[in-house]
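Report on the structure given below.
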Amino acid sequence: MNDFDGAIQAFDKSLLEFHDDKVHTSLQQAKKEKRDKEEREYVDPEKGKEARERGNDHFRNGRYPEAIQEYTEAIRRSPLDPAPYSNRAAAYTKLGEFPLGLKDCEKCLELDPKYLKAYSRKGAIHFFMKEFHKCLDVYQKGLEVDPSSAEMLDGLRRTKLAIQEQQSSSNVDENQVRHNMSDPEIQGILSDPSIIQILKELQENPGAGMKAMSNPTVAAKIQKLIAAGVLRTESS
């Protein structure tokens, strides 16, 4: 069926006269096929590149909403190009739209798992959100792509320093703790019976608790709790 407008008009007219589930399904399918056809016809990588360059110019001049608009156009024109997703993530980050930025980083990495800039930008977003446990994971994955990446190494260093400062500070960031406690991964660790027992041992008998930490899997989970700020190991 190529005459989507005609089909949609016919289905709409039919539904006005009598509601039929099959006709309704056919209407939705026709609308979807029309939308998909329009999207395919709109693809033009060269125009996508031009839109991305305009977006870069806006970004350099601090016009972030305009940059987002152009990067979105670039994505529509070249949906398989990972670059505009990464660029738009950077613009969203500048505006504090972290969830949208993360979504774009993840889409960029879905298209190109070796796109280092997306790892860097994703790590930076987690850092701004004080999700240091996630920062560590992102930078480590980036280093798997390029073990000598200065951006990944610097991001890892800054994150570890932030965790150390967080642990040694006399002030507890309640908002950070509350936010990270809602993370399903953190919740899963805290509900793990073996981790519950080890945390209890660390309080009652630090020596026995430290022995349990010799298990790499256990140690990784404890370190994740520390990085998330929900477990303090230093007192002021």
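Would you mind stating whether S120 is of a type in the set (S, T, N, Q), outside any helix (DSSP H, G or I) and either at pLDDT below 95 or out of contact with any strand residue (DSSP E or B) (no Cβ under 9 Å at 6 or more places or on another chain) (or both)?
No: the conditions fail for S120.
Please determine, by comparing only the residues of the range 128-141 that are aromatic (F, W, Y) and open to solvent by less than 50 Å² (accessible area, probe 1.4 Å), which one is farthest from F59 (Cα to Cα).
F132
Looking at (1) surrounded by fewer than 21 Cβ atoms within 10 Å (Cβ to Cβ); (2) without any contact (Cβ under 8 Å) to a residue 60 or more places away in the chain; (3) not aromatic (F, W, Y), which is the only condition M152 fails?
(1)
Can you pull out every residue in the range 211-236 that is modelled with pLDDT under 85 and either buried (at least 19 other Cβ atoms within 10 Å of the Cβ) or of a type in the set (S, T, N, Q) (or both)?
Listed by number, the residues that qualify are S214, N215, T233, S235, S236.
In the set L100, L161, L116, which member is open to solvent by 30 Å² or more (accessible area, probe 1.4 Å), under 13 Å from the mean Cα position of the chain (by Cα) and either hydrophobic (A, V, I, L, M, F, W, C) or more than 22 Å from E70 (Cβ to Cβ) (or both)?
The match here is L100.
Look at V177 and say whether it is touching a Ser or Thr at 6+ places or on another chain (Cβ under 8 Å), part of a helix (DSSP H, G or I) and of a type outside the set (G, A, S).
no
May I ask you to list the residues in the range 76-90 that are of a type in the set (A, V, I, L, M, F, W, C) and either under 13 Å from R54 (Cα atoms) or surrounded by fewer than 20 Cβ atoms within 10 Å (Cβ to Cβ) (or both)?
Matches in the range 76-90: L80 only.
The values are calculated or read from the model by the stated rules, or taken from the named source; none is laboratory data. Quick caveat: nothing in here was measured; it's all calculated off a predicted structure. For neighbour counting, all protein chains shown are included, and Cβ atoms are generated from backbone atoms with ideal geometry for every residue, glycine included. Ligands, DNA and RNA are stripped out before the accessible areas are found, and what is left, the full protein with its side chains, is counted by its heavy atoms. Shrake-Rupley method; radii C 1.70, N 1.55, O 1.52, S 1.80 Å.
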